[in-house]
Amino acid sequence: MSNASLKVSRLDYAKQISRIARSLAVAQNEVVFGDVAIGQSLDRVGMFTEGNLEKRSDKLNDQLELFEDALDDLPELIGRYVRLMPLAAYDTGTSDADCFVRWLPTVVELTPEQRDLTLVVRSRYAVEEAGRRNRMGHVRFQDLVSLNDRLVAELATNSELRIHLNPIRTRAIFETGLLVGEEEAPETGIEVLFFAFQSEVRTVVLEPEGRALVQSLADTGPCGLSHLKVQLDLAMSLGDDFLLEMLSDCSDLGLIAFS
Amino acid sequence: MNDSPITPAIGYAIREQNRPILDDPAINAAEITFERADDPLRVDRYLQDLDFDHVSVHALKLSVASPEPPNQNYLEALRSIAIENGASSVSDHLGFTRDGDNGVEMGHFAPPPWTEAALTATCRNIDHIQKRLGGTRFFVETIAYLFEFQGTMSEADFVSKMLKCTGCGWLLDVTNVYANATNFNFDPYEFISTVMPHADSVQMHLAGGFFDERAGMYIDSHSAPIPDAVWDLYRFSLEQGVGKVDAVFIERDQDFPDETGWRSEVRRVREIAEQVGVHA
């Protein structure tokens, strides 16, 4: 075969597989009927796509469990979504839930509470993706966290100790207090930090002092307590005891670690 | 011919439900499903403190029959899981799940059309994967399918040519061959004896499914004990592949057995392998 005909054949094959994959991904079965081997039942194409869409819907239903009481027609919306929006290449499961909540506002007018729920799904996915991009950072930090119980006690006395901020994190602003047990949210919203703790995703509501602490550590990188104090004093005046207590709480949560 | 021992390493595709029996003396191999192990926030290796003679990582999204090779990130993640868990092999299915890198997933693998164009693309992708995997052996699994696309050769010819052209290992899913033979009316023994001479290195999968009366098909659902016909075909496959079968894995994903069920099935897999070994 010449190079030219090989190229044509390669292109034709790419077109054929693209047509098949794109139509079967959303159960447009009739598009591939002409490709099916002669004599084989076309009903089986339907079995293939129905089975795949059912599995995809089941996964989404599991991942969107927190919407169960918040969206009455969740199963119908998922059913609509999987037939409209094909699964992206290399989907990781959670990536499809992320796509679903991005698609949701295009078909439903969401309440502020529902918008907060979409933020939870998106933030959890963002944390997982941060972990995927920075695996070494995640593993190293979790190693350090295992020493927290011992090292946090030395914080006030050991000037060599450096404070590290969890690198696998993302912030979100909730519009309502529903998910954090508050009756009302300020107009500016409630800032929540999502971060990895071992293989879980944890959340913490950030008060202004906590926000300043996280921002300082994020800006300066790992640093000692005295350096952190200088940084924080620029933003607000915190007493030493208050700062140590806040660092101790962050250490318990796995938001910071020491080396 | 490679230097595989007569009795292959034997074990389960790991599921949470069979972890408690993985220390059974009949088990010295394990298969890790990549998509289960690839938790981006994991801190421990998937095998934890378990140790096996043979570990294989089984992937679902290499999509070897796609027009383009799999992307680098996916391959790197696969390699990481293999290294973390001391795997000596990686496997995936003979089929396509997506079109291209920025394309779409169908959710499950479809068989490639049995054509020269598909064979060329598949071999090119397997070469690419093998290069990226370095010393980790790559096996390609024959899948069970609900329908085939129009082609110009038989599946047996396609698989034989693919094995010859790439030198990759053959993951012979005995139950898939049984299912396809039942559903498409061909002789599974002939299929296996046609392909086996072209494989340098072989792994096997065994599982049980059910006959769907409404569809008139055997469905490889991994939900039942291994049926007698598959046990017979397994023995035949071992005889055909003596000296080149590295490992055999049982797959079970639904309707899990009790402890006795888990243990008795894997012991039977070993017993047959040892009988075939003795008579080889």
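Among the residues of the range A:33-75, those identified as in a helix (DSSP H, G or I) and among the acidic types (Asp, Glu) are A:35, A:43, A:50, A:54, A:58, A:62, A:65.
Scanning the range B:129-140 for residues that are in contact (Cβ under 8 Å) with a residue 40 or more places away in the chain, under 19 Å from the mean Cα position of the chain (by Cα) and not in a strand (DSSP E or B) yields B:129, B:133, B:136. Of the residues B:186, B:236, the single one that is part of a loop (DSSP other than H, G, I, E, B) and modelled with pLDDT of 95 or more is B:186. Within the range B:92-115, the set of residues being at the interface with chain A (Cβ under 7 Å from one of its Cβ atoms) and within 13 Å of the chain's Cα centre (by Cα) is empty. Each residue in the range A:6-31 was checked for being part of a helix (DSSP H, G or I) and either in contact (Cβ under 8 Å) with a residue 24 or more places away in the chain or more than 8 Å from every other protein chain (Cβ to nearest Cβ) (or both), and 11 of them qualify. Taking every residue in the range A:101-118 that is closer than 23 Å to residue A:87 by Cα and pairing it with any residue that is open to solvent by less than 60 Å² (accessible area, probe 1.4 Å) and in a loop (DSSP other than H, G, I, E, B), at least 6 positions away or on another chain, the pairs with Cβ-Cβ distances below 6 Å are A:117/A:70.
When A:233, A:143 are checked against the criterion of being in a helix (DSSP H, G or I), over 30 Å from residue B:40 (Cβ atoms) and without any contact (Cβ under 8 Å) to a residue 12 or more places away in the chain, a single residue qualifies: A:233. Among the conditions (1) open to solvent by 10 Å² or more (accessible area, probe 1.4 Å); (2) not aromatic (Phe, Trp, Tyr); (3) not in a strand (DSSP E or B), residue B:230 misses just one, which is (1). Identify the residue in the range B:75-91 that is open to solvent by 10 Å² or more (accessible area, probe 1.4 Å) and in contact with a helix residue (DSSP H, G or I) (Cβ under 9 Å, 6 or more places away or on another chain) and, among all such residues, is farthest from the other protein chains (Cβ to nearest Cβ). Looking at residues that are open to solvent by 10 Å² or more (accessible area, probe 1.4 Å) and in contact with a helix residue (DSSP H, G or I) (Cβ under 9 Å, 6 or more places away or on another chain), I get B:88.
Does the range B:239-252 include one or more residues that are part of a helix (DSSP H, G or I), more than 14 Å from every other protein chain (Cβ to nearest Cβ), out of contact with any Ser or Thr (no Cβ under 6 Å at 6 or more places or on another chain) and basic (Lys, Arg)? No, because not a single residue in the range B:239-252 is part of a helix (DSSP H, G or I), more than 14 Å from every other protein chain (Cβ to nearest Cβ), out of contact with any Ser or Thr (no Cβ under 6 Å at 6 or more places or on another chain) and basic (Lys, Arg). Counting only residues that are in a loop (DSSP other than H, G, I, E, B) and surrounded by 14 or more Cβ atoms within 10 Å (Cβ to Cβ), how many does the range A:204-226 have? Residues flagged as in a loop (DSSP other than H, G, I, E, B) and surrounded by 14 or more Cβ atoms within 10 Å (Cβ to Cβ) within the range A:204-226 amount to 2. For the range A:172-202, a residue qualifies if it is surrounded by 15 or more Cβ atoms within 10 Å (Cβ to Cβ), more than 14 Å from every other protein chain (Cβ to nearest Cβ) and in a strand (DSSP E or B), and the qualifying residues are A:172, A:174, A:190, A:191, A:192, A:193. Could you count how many residues in the range A:86-131 are more than 14 Å from chain B (Cβ to nearest Cβ) and among the hydroxyl-bearing types (Ser, Thr, Tyr)? The number of residues fulfilling the criteria is 3. Can we say residue B:235 is of a type in the set (Lys, Arg), within 14 Å of chain A (Cβ to nearest Cβ) and surrounded by fewer than 24 Cβ atoms within 10 Å (Cβ to Cβ)? So residue B:235 fails the test. Taken over the range A:156-171, residues that are surrounded by fewer than 19 Cβ atoms within 10 Å (Cβ to Cβ) and assigned to a loop (DSSP other than H, G, I, E, B) amount to 7. Taken over the range A:236-259, the criterion of being part of a loop (DSSP other than H, G, I, E, B), open to solvent by less than 70 Å² (accessible area, probe 1.4 Å) and within 29 Å of residue A:182 (Cα to Cα) is satisfied by A:236, A:238, A:239, A:254, A:255.
The values are calculated or read from the model by the stated rules, or taken from the named source; none is laboratory data. Owing to the predicted nature of the structure, the values given are computational and were not obtained by experimental measurement. All Cβ positions, glycine included, derive from the backbone under ideal geometry; neighbour counts span all protein chains shown. These area figures cover heavy atoms from the full protein model, side chains too; ligands, DNA and RNA do not enter into them. Shrake-Rupley method; radii C 1.70, N 1.55, O 1.52, S 1.80 Å.
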